[in-house]
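Undergrad: Dropping the structure in here first, questions after.
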Amino acid sequence: MAVPPIVSATLQSAVLSATSNLIAQVMTSYKTDEPFILDWVPVVQFTIWALVNTPYNYLWQDFLEQTFPAYGKPPQEKGDKAKSAKSATGSERKLNVKNTLTKTLLDQTIGSVVNTFLFALFVSSLQEAMRRPEQWADPSKSAAYLLSGSAIDYSRVDWDAIFTRVRREFVPIIVAGWRLWPLVSLVNFAFIKSIQGRNLVASLAGIGWGVYISLFASRGGDS
């Protein structure tokens with residue numbers, strides 16, 4: 001039985017999000033000249049975020065494509081003569097520039113604002129809910145903490161402090177995103193016709209973005 005595309009995209013995003021956080025931890029260790037100690041807690045946090053975030057983003061992208069298709073239906077052809085003429089002229093569906101620009105604009109305004117707000121709110125509150133009493137010097141201890149059954153406790157969350165942090169982080173994250181994602185969206189909408197190809201381009205860009213937001217979140221949004 002084939003895996004539904006939305007499930008496949010979600011699992012792919014979860015793996016890439018975890019990978020991005022691992023890369024960010026390695027980079028932090030290198031920059032601070034400290035021994036690398038794998039911490040499974042932020043890896044799990046960003047994996048959970050990917051599992052929550054990807055399905056509604058997949059539906060959003062599908063809505064944009066259905067509402068503003070990049071390419072119109074090919075002209076109806078009758079008989080082999082018409083097909084031969086098409087082959088000779090190289091005629092094919094043309095890119096709808098207006099729809100492509102409209103999708104990019106909507107994706108980088110409505111989509112970006114919603115995603116940034118939800119990311120800042122979700123990750124900040126999850127970090128507080130998974131706040132640890134100490135930093136461990138052994139990866140097995142962070143793994144044991146995650147398996148303890150009490151790793152996530154939302155009673156620890158100070159929501160006033162979380163919303164203060166969200167307001168502080170919102171603009172830096174969205175501005176940083178506008179340096180990358182408009183170009184990615186435009187390339188995807190304009191030049192990549194297959195869903196698989198678009199997922200690949202977004203996934204490759206997402207690795208770098210995932211590293212950035214992991215580093216950003218690890219320092220509490222401070223520049």
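The values are calculated or read from the model by the stated rules, or taken from the named source; none is laboratory data. Please read these numbers as outputs of a predicted model, since none were measured by experiment. With ideal geometry, Cβ positions are generated from the backbone for all residues, glycine too; neighbour counts draw on all protein chains shown.
Undergrad: Just need a number here: residues in the range 145-172 that are over 13 Å from VAL44 (Cβ atoms), assigned to a helix (DSSP H, G or I) and of a type in the set (A, V, I, L, M, F, W, C).
TA: We begin by selecting, within the range 145-172, every residue over 13 Å from VAL44 (Cβ atoms); these are 149-150, 153-172.
Narrowing further to those that are assigned to a helix (DSSP H, G or I): 154-156, 159-172.
Filter once more, so that each one left must be of a type in the set (A, V, I, L, M, F, W, C): 159, 161-163, 166, 170-171.
The qualifying residues number 7.
Undergrad: Another question about this same structure. Check GLN45, GLN25, GLN61 and return the single one that is closer than 23 Å to PRO182 by Cα, part of a helix (DSSP H, G or I) and not acidic (Asp, Glu). Quick ask: steps written out before the conclusion?
TA: Details: GLN45 fails: closer than 23 Å to PRO182 by Cα; GLN25 fails: closer than 23 Å to PRO182 by Cα.
Only one candidate qualifies: GLN61.
Undergrad: When the range 24-37 is examined, which residues are found to be touching a residue at least 40 places away in the same chain (Cβ under 8 Å) and either surrounded by fewer than 16 Cβ atoms within 10 Å (Cβ to Cβ) or of a type outside the set (A, V, I, L, M, F, W, C) (or both)?
TA: Correct list: GLN25, MET27, THR28, ILE37.
Undergrad: Quick one: ALA217 ticks every box in (1) in a helix (DSSP H, G or I); (2) under 30 Å from VAL97 (Cβ atoms); (3) at pLDDT below 85 bar one, so which box is it?
TA: Every condition holds for ALA217 apart from (2).
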